[in-house]
Structure formats: structure tokens, C-alpha cells
Amino acid sequence: MDTKEILKKVRKIEIKTKRLSNHIFSGEYHSSFKGRGMTFSEVRQYQFGDDVRAIDWNVTARYNEPYIKVFEEERELTMMLMVDISGSESFGTQNSFKKDIVTEIAATMAFSATQNNDKIGLVLFSDQVELYIPPKKGKSHVLRIIRELVEFEPQSKKTDISVPLKFISGVIKKRAIVFLISDFMGGDFEHTLKIAAKKHDITGVRVYDPREETMPNIGLVNMADAETGETMLVNTGSKSVRIQYEKYYQERVKYFRETFSRCGAGSLSTRVDESYVTKLLGYFKARA
């Protein structure tokens, strides 16, 4: 893809996702995530009715009269977008590849955060951290994030969900709103998610294609693994083979949902031919 095509695609994504964030998501995003953190503001003299648990004992001892700590809601939050760019995200049988929907969701969330004057950062990952853009504010910063989502070519095609979770726990010190966007089709990540979710407000967004749910009966087919490149002759005409595949797929979906729930993190799933707008709005309203 040449520079002209990249800029054209970035502009197209910007127009679509900015409109969604301006008119649909900004209020829902605000009510879902704002006011969940408290930061120290000042100390003042104790007044009748104040919570004694807020007394600042050091200041009280210094002035020989009670003072309390005053806290206020955090006005500025940090959003981190952690996006899977492994080989499996290039799969698609409908009008869009999974990576196209992933890019639109990430861009929509970035513009929603910008509407609230929050910082936005990006982690692109495979089985390694491929790119890290530290959190910043501003439209030009969001456009850079979209451009990287569109044009970045990963070094690896494999996936390891634990990698970005470990990275975010070490790099981002302040509590952040984290959207982890992937198809979540491989690997065990419960331990690292549990650690990261204690520190950050994490939501897993699973993007999938309807053709991944079941294996069609089309006879003998040479299938290639998008992440390893390995090919295998598969007899899709075998009922037991199709049942075994569907069982594996459903186990991965169940692992995704239950793991995020056990770790105290949010989750939602959206199919490439569904409205991710409806799914995100429903999720925001449920947690507001």
C-alpha cells in the first residue's frame, strides 16, 4: 500500500469513527469510565460530620487540631489500546477482514477518549510487542495511531495474549482504561490478566468471523495456519472432524468469557458482519 492509499484509508476511517464517537459514544464513554478514580486535592480543617477516616494524622499532630484529606474525581484518564496484529487477524469471509473491524473499533475508542480530553496510547502485538506509542492527547496523535493500525507490518504472525498484559503492567504506572482487542483464539493468559486487572480497568473485545464458528462440508481441503504457515490436508466431509473443530472453537470462546469474568475484567464479542456500535453501546450502558 503506497502513501497515497494509506492516507486515503486513514481519512476514511477518521470520518466514520469520529462521527460515531462524537454523536454516539462520547457520553456513554464518559458515564462508563469517568469518576472511578480519586486523587488527593488538599487538606482542610475538620468539620462536624466529616468522615474521621479521612483525617490526616501528620498534619493534625503538627497543628494540634484535626485536619482531613480532601479528594476529588480524576479529571484526566489514560486509555490504552492493545491490538492483536497477528496472522489470524487477516482472516475474513464477509465484507471485512477481522483487522478492518479491529482498526475501526480502536479508532472509535480513541476519538471517544479525545472528546473527554484523555490521553490515548497504543500497543500493537503478536507474540511480542511490535509497537508501543506512549499515551498523549490530541487529534494528530490519534491520526498517528490510526495510521499505524492501517500500515504497520508485524515481524511475527503468531499470538500471545500474555505479552501485552505483562507489558502494560510494567510500563503504565497510573491506573488506565485498557481495551484489549483480539480474536483470543490461542494460549493461556489468565495469570497475567489477573495481575493486570488488579491495576487497570480492562475490557477484552473479541472480534470474530462467522466462518470460524463451524467448518463447512467441502470435502478434502488443504488448510494453512495463518500464524505458523503450516499446511494440512483436512477432510471436512468427516462429521467427527467438524464436531471436533466446533468443540475446540467453543472451548476457546468459553475460556475467553470465563477468564475475563474471573479476573474482574469486562468482555464483549462482535462478529465482523454485526454492528460493533450496538455491541459497544450495550456494554457501556450495562456498566454505567
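Remark: relative contact order (the chain) = 19 percent; criterion is Cα-Cα distance under 8 angstrom and separation of 6 or more residues.
The listed residues T17, T60, once ranked by accessible area (1.4 Å probe) with the largest placed first, stand as T60, T17.
In the context of the full set of protein chains, the stretch 58-180 has a per residue accessible area of 44 Å² (1.4 Å probe). Which of these, V221, V83, V59, has the largest mean-square fluctuation under a Gaussian network model of the chain (Cα springs below 10 Å)? Of V221, V83, V59, the Gaussian network model singles out V59 as fluctuating most.
In this entry, the stretch 101-198 is assigned a mean projected area of 6.2 nm², taken as a quarter of its C-alpha convex hull surface. A simple count of charges around Q128, restricted to other residues whose Cβ falls under 10 Å of its Cβ and scoring Lys, Arg +1 and Asp, Glu -1, yields -2. What 222 nm value per residue comes from the helices of the chain, counting each DSSP H run with n ≥ 4 as -39,500 (n - 2.57) and dividing by all residues, nearest 500 deg cm²/dmol? Calculated mean residue ellipticity at 222 nm is -13500 deg cm²/dmol. With every protein chain in place and a 1.4 angstrom probe, the accessible-area ranking of L220, L131, largest first, reads L220, L131. The share of Cα pairs per 10 Å bin across the chain, counted from zero up to the longest distance, runs 6, 25, 31, 19, 10, 5, 2, 1, 0 percent. Of I181, I195, I13, the residue with the greatest mean-square motion in the GNM of the chain, using alpha carbon springs below 10 Å, is I195.
What dipole magnitude, in Debye to the nearest 20, does the chain give about its Cα centre under +1 on Lys/Arg Cβ and -1 on Asp/Glu Cβ? Numbers along the way, then the final one.
Values: 45 positive and 39 negative charges, 121 e Å.
About 580 debye.
Classify the stretch 131-288 as rounded, prolate or oblate, taking a ≥ b ≥ c as the square roots of the eigenvalues of its Cα gyration tensor: rounded when a/c is under 1.5, otherwise prolate if a/b is larger than b/c and oblate if not. Prolate, since a/c reaches 1.5 and a/b exceeds b/c.
The values are calculated or read from the model by the stated rules, or taken from the named source; none is laboratory data. These numbers come from a predicted model, not from an experiment. Please note: Cβ atoms are built from the backbone with ideal geometry, for glycine as well, and neighbour counts cover all protein chains shown. For the accessible areas, the whole protein counts, side chains as well, though only heavy atoms, and no ligand, DNA or RNA atoms are used. Shrake-Rupley method; radii C 1.70, N 1.55, O 1.52, S 1.80 Å.
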